[in-house]
Amino acid sequence: MAARHQVVLLPGGVLPARPAYTALLQAIGERADAVAKDLEVYSGDEPPPNFSLDIEAEGIRREAEAHGFDSFHLVGYSAGGAASLAFAAVHGERLLSLALLEPAWAGNERTPEEEALMQHFRTLDALPNDRFMAEFTRLQLASGVEPPSPPPGPPPVWMAKRPAGLRAFIKAFDDGDLDLEALQAFDRPVYFALGGRSNPDYYGRMAERLAVIFPDFTIETFPERHHFDPPHRIEPKRVATSLLGLWQRAER
């Protein structure tokens with residue numbers, strides 16, 4: 001029997017890791033030894049003091065060590081995608097491949113369109129939490145796309161941490177320094193999943209920019225998906241097929 005792929009998966013800044021990746025892990029099945037890891041920003045009641053993407057990258061390293069992964073595949077969505085890029089820039093030698101599911105940040109050498117959206121994110125800081133979350137969601141969708149309705153019933157307990165965690169990430173993005181030269185030297189396969197109904201001036205421009213940086217870069221577009229009904233949750237079999245192909249190619 002072939003060895004199983006060793007994989008670490010990071011969620012975005014809203015859903016915890018387990019519900020974020022349940023459908024994808026089921027689609028992958030026994031073909032991978034996959035660990036869905038929660039973000040370090042939510043390790044306590046409040047974001048860690050002086051929170052940075054370095055803290056997330058160190059958390060990825062510890063998780064891989066805990067599972068005996070000397071080299072592994074890394075999958076990151078949204079804030080987890082930003083953390084994955086930070087890890088790849090510092091510990092790229094540990095990675096067999098990198099899968100980016102609409103990362104929330106890809107360094108501060110942004111296109112004007114990306115910078116305009118980041119400026120909108122900065123203005124959200126003063127809003128009360130309910131308005132913050134609504135505007136945070138709206139900004140990441142293409143024009144005319146309706147945001148998803150909240151699930152029925154009271155919000156889950158973990159939701160109370162999300163506004164502070166998302167604010168901490170926005171600040172960490174502004175303070176971050178992504179080593180683009182290190183990413184240009186990263187010669188392992190990189191995959192980018194792009195929703196066709198996500199904000200094209202942010203995620204589309206980012207994908208185009210990363211395509212120039214990474215030597216081995218593939219974009220797969222999911223026309224009916226957007227950042228808050230992402231393909232790894234809504235079309236898990238298709239994403240599983242793409243990731244398994246990526247991992248097999250990386251290990252050849």
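Every number here is computed from the coordinates shown, using simple stated rules; none is lab data. Remember, predicted model here, so these are calculated numbers, not experimental data. Virtual Cβ from ideal backbone geometry, glycine too; neighbours counted across all protein chains shown.
The modelled label-to-label distance for the pair residue 134/residue 3, using points 7 Å beyond Cα in the direction of Cβ, is 5.2 nm.
A simple charge model with +1 on the Cβ of Lys and Arg, -1 on the Cβ of Asp and Glu and nothing else charged puts the dipole of region 5-159 at about 300 debye relative to its Cα centre. Figure legend: label point modelled 7 angstrom from the Cα of residue 221 along Cα→Cβ; residues of region 172-202 with amide N under 18 Å from it are 191-202. Please list, in order, the residues from region 84-121 whose amide nitrogen is less than 12 Å from a point placed 7 Å along the Cα→Cβ vector of residue 212. Correct set: 109-112. Of the residues 141, 126, 72, the one whose Cα sits farthest toward the positive end of the charge dipole of region 1-155, with +1 on the Cβ of Lys and Arg and -1 on the Cβ of Asp and Glu, is 72. If I require 15 Å or longer along the helix axis, counting alpha carbons, and a Kyte-Doolittle average no lower than -0.5, what helices from the chain are left? Use full DSSP H segments. Long hydrophobic helices here: 17-28, 79-91, 162-175, 236-251. Just to confirm my numbers, what's the Cα centroid distance between region 71-148 and region 17-42 in Å? Going from one Cα centre to the other spans 19 Å.
Note on residue 160 and residue 174: their simple-model spin labels are 2.7 nm apart, each label 7 Å out from Cα toward Cβ. Listed by chain and number, the lysines whose C-alpha is less than 20 Å from the C-alpha of residue 161, apart from same-chain residues fewer than 8 away, are 37, 171.
Once divided by 2.2 N^0.38 Å, the Cα radius of gyration of the chain becomes 0.94.
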